[in-house]
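Structure, as structure tokens:
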């Protein structure tokens, strides 16, 4: 009895029952998807030219979007967590807005700004630079929706870490840039790993903003989620097989975020 209690964290039984129901809400549809996979045709379905082109494009654009999220998100998270700039709450609201916006609204916002007749897009078009309905548009759409995930991960870690180590380094004569490079960033590595994995997974699964802002041109803007959507009416078996590929990649990303969380907890202890 004592062993069972320790395994459940001494939680009341109703909590465990409701938690089990929550697991079923997620696990049953995933199981249903796996049971519908035509495993005998699986290699053929996921290696067709259209499927491979969509998968390669998704991996390339998601990697580029994740890199942009890291380059932009880490400084942004540091500003949100450590600075006392006026209007910081409004700035945080703007940065986190894509978390709650429907993806298609995000795509419309990008299109009205960077589209051919958009506020900035018209000027870019006049200079001979096209953004909308190109591979660059895919990367921008993925970055737009993924950046808040990395910012939240880093900002939370910065607030949890506190400033005691930086203060000690400063009293020893270290310059702000040195403190950032030698103290702050190493402390944030586990959170950076978690945020990077989340941003990559979100970029890989992006659909609505990409379709609205970049369209669906094979080899140029048709990512794996778009290919899955298009195959839904043409070949349901291919749809299920490609969905499993995306599910597998997402599962790997979730496992990576859990590893980062465990390392962060060990570091705090």
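Here, each number is a calculation from the coordinates, and none is a lab measurement. In this text the structure is predicted, and so the values were computed from the model without any measurement. Cβ: placed from backbone, ideal geometry, glycine included. Neighbour counts: every protein chain shown.
Tabulated data for the structure shown
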{"quantity": "FRET efficiency for residue 97 and residue 237, using Cβ-Cβ distance with R0 set to 45 Å, rounded to 0.05", "calculated": "0.70"}
{"quantity": "Separation between Cα centres of segment 91-137 and segment 205-252, rounded to whole Å", "calculated": "21"}
{"quantity": "Förster radius 22 Å - calculated FRET efficiency between residue 189 and residue 168, Cβ distance, rounded to 0.05", "calculated": "0.70"}
{"quantity": "Sorted peptide list for 178-187, 213-222, 141-150, 28-37, criterion being average Cβ within 10 angstrom, highest first", "calculated": "141-150, 213-222, 178-187, 28-37"}
{"quantity": "Segment residue 88-residue 229, extension gain: residue separation times 0.36 nm, minus the distance between their alpha carbons", "calculated": "46.8 nm"}
{"quantity": "Gained length - residue 11 relative to residue 255, 0.36 nm times residue gap less alpha-carbon distance", "calculated": "85.3 nm"}
{"quantity": "Residue 127 paired with residue 20, simple spin-label distance in nm, labels 7 Å along Cα-to-beta-carbon", "calculated": "6.2"}
{"quantity": "Among 173, 205, 22: highest mean-square fluctuation, GNM of the chain, C-alpha pairs under 10 Å", "calculated": "22"}
{"quantity": "Extension gain (nm, one decimal) between residue 30 and residue 216, 0.36 nm per residue minus Cα-Cα", "calculated": "64.3 nm"}
{"quantity": "Rounded to whole Å, sorted largest first: equivalent-ellipsoid semi-axes of segment 1-112, Cα gyration tensor", "calculated": "36, 32, 15"}
{"quantity": "Between segment 65-79 and segment 142-159, the alpha-carbon center distance in angstrom", "calculated": "7"}
{"quantity": "Estimated 222 nm signal from helices in the chain, with DSSP H stretches of n ≥ 4 weighted -39500 (n - 2.57), rounded to 500", "calculated": "-24000 deg cm²/dmol"}
{"quantity": "GNM flexibility winner over the chain from 116, 92, 41 (Cα, springs under 10 Å)", "calculated": "41"}
{"quantity": "Per-bin percent of Cα-Cα distances, segment 13-268 [10 Å]", "calculated": "7, 24, 29, 23, 13, 3, 0"}
